[in-house]
Amino acid sequence: MSHIIHLESIGDLNRLLQQPRPRHPLLGVVDFTQFDEQFGAGMKISSGFYTVMYKNYCVNTLKYGRQYYDFQEGSLMCIAPKQVVTLDEAVERPANAMGWGLFFHPDLIRGTALGKNIKNYSFFSYDTSEALHLSEKEERTLFDCVQKIEAELAENIDRHSQTLLVSNLELLLNYCTRYYDRQFITRNQANKDILSKIEAVLSSYFQAPDLSEKGLPTVKYLADQVFLSPNYLSDLLKRETGMNAQDRIHYHLIEEAKNLLLSSNQSVGELAFSLGFEYPQYFSRLFKAKTGMTPGEFRNNN
C-alpha cells in the first residue's frame, strides 16, 4: 500500500507546498496559480483540516475514494478531515488557469455556531464525482468571500479576528449550500432516474427470499447501487421525496411489513426475523413510530 502523507496543520500544508509560514495557525488560503503544484503521481494525502478547493483546470488529476476527478469544467470540491486524496498524472496548466484553496482546522470553529452545525454541510462527505459545478456568477461570489477572508488574514490578530473569519467562512459555506441546491434542481432528470432506480432496488430487496439472512439494507448499500456517496444520495432523496435515504428504506420496510401482517399467519416475531431484524422488539418499536400502532394492533384493526 502506498504511503499516505498526513497534513495535520495548516503549517504542514504550507511546508508541502513550499509556501511561507501561515499568517493564521488554523486557516489558510492558497492561490494555486502562483506556484508549481506538480507532485508525484500516486501521492496519497490526508489532512486534519477541512478543504474547500476551486479550479477551472487540472495539473494533477485527483482520485478521491473510487472516483477520478478533474477540474476542467470549473468546479468546487469540499473534503472533510481524515479523507484520503490521491494525486495522479500531471498535465500542462492552461493560460486562463484560476484556482484557489481554502483550508481551515476544526479548532478554528470549535465552540462557535458554525462548529455546532458543520456536520449539516453534508457536501464535505460527497464523492468528487458529485462536485459542485459553478456558473461564472457563482464563481465570483465565492471568490469574493475568499478575498474577504484573505483581507482579514492580513490584519493583526485581535479579539475580533476569530469572529470575523468564522463569519466569512460560514457565509462561503452557506453559498455552497445554495449552489448545491441549484445543482440538484438543474440535474432534475438525472435525479429522477436515480430515484427510479432506488425504488426498484428497494422493491427487489424486500421481495428477496433470503431477506432474513441478508438483513436490512443500509444507506451505503443503496448509495453503492447508484454509484453515489451516502450523504449525496440522502440529500438528493430529501429534495426529491421529502425523505432521506434511511427514511426511504423504512418506508419500503413498513409497506412490506403491512403486506405480510395482513397476508400471512406469522407471529410478529417470525415476521420481524423474515424482514431481516435481529431483534423483534426493534421492529415493533419502529413500526409503531412510523404508523402509530403496534404490528398486532395494525393486524387486528385491518
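Where a number appears in this text, it was derived from the coordinates with a stated rule and is not lab data. Note that the structure is predicted; figures quoted are calculated from it, not measured. With ideal geometry, Cβ positions are generated from the backbone for all residues, glycine too; neighbour counts draw on all protein chains shown.
Points to keep in mind about this one:
- Angle between the chain longest axis and helix 280-291 axis [Cα atoms, degrees, rounded to 10]: 80
- Cβ-based exposure ranking for S263, S229, S75, in which fewest neighbours within 10 Å come first: S263, S75, S229
- Here the extension length gained between N301 and M43 equals 86.6 nm, from 0.36 nm per residue of separation less the Cα-Cα distance.
- Fully extended contour minus Cα-Cα distance, from L171 to S267, at 0.36 nm per residue: 29.1 nm
- Near G99, the amide H atoms lying under 5 Å from its own belong to F32, T33; only residues 5 or more places off or on other chains count, and H is placed 1.01 Å from N.
- Contour excess over end-to-end distance, with Cα ends at Q189 and D31 and 0.36 nm allotted per residue: 53.3 nm
- Summarising the amide proton neighbourhood of H6: residues at separation of 5 or more, or on other chains, whose placed amide H is nearer than 5 Å comprise S46.
- Of R159, R178, the sequence from fewest to most neighbouring Cβ atoms within 10 angstrom is R159, R178.
- Integer Hz, Karplus 6.51/-1.76/1.60 couplings in order for the stretch 155-164, x for Gly and Pro: 7, 5, 5, 9, 6, 9, 4, 4, 4, 6
- Close amide H pairs (under 5 Å, H built 1.01 Å from N) link L76 with L132, H133, L134, residues at least 5 positions away or on another chain.
- Fewest neighbouring Cβ atoms within 10 Å first, the residues Y221, Y180 line up as Y221, Y180.
- Each residue of the stretch 228-238 was assigned a 3J(HN,Hα) from its phi angle through the Karplus curve 6.51 cos²θ - 1.76 cosθ + 1.60 (θ = phi - 60°); the sequence is 10, 7, x, 5, 5, 4, 4, 5, 4, 5, 4 Hz, with glycine and proline shown as x.
- Over 31 Å (Cα to Cα) - which of K44/K119; K148/K238; K197/K290; K119/K148; K116/K192 fall in this group: K148/K238; K116/K192
- Straight-line reach from K82: taking Cα to Cα under 17 Å and skipping same-chain neighbours fewer than 8 places apart, the aspartates and glutamates in range are E8, D12, D107, D127.
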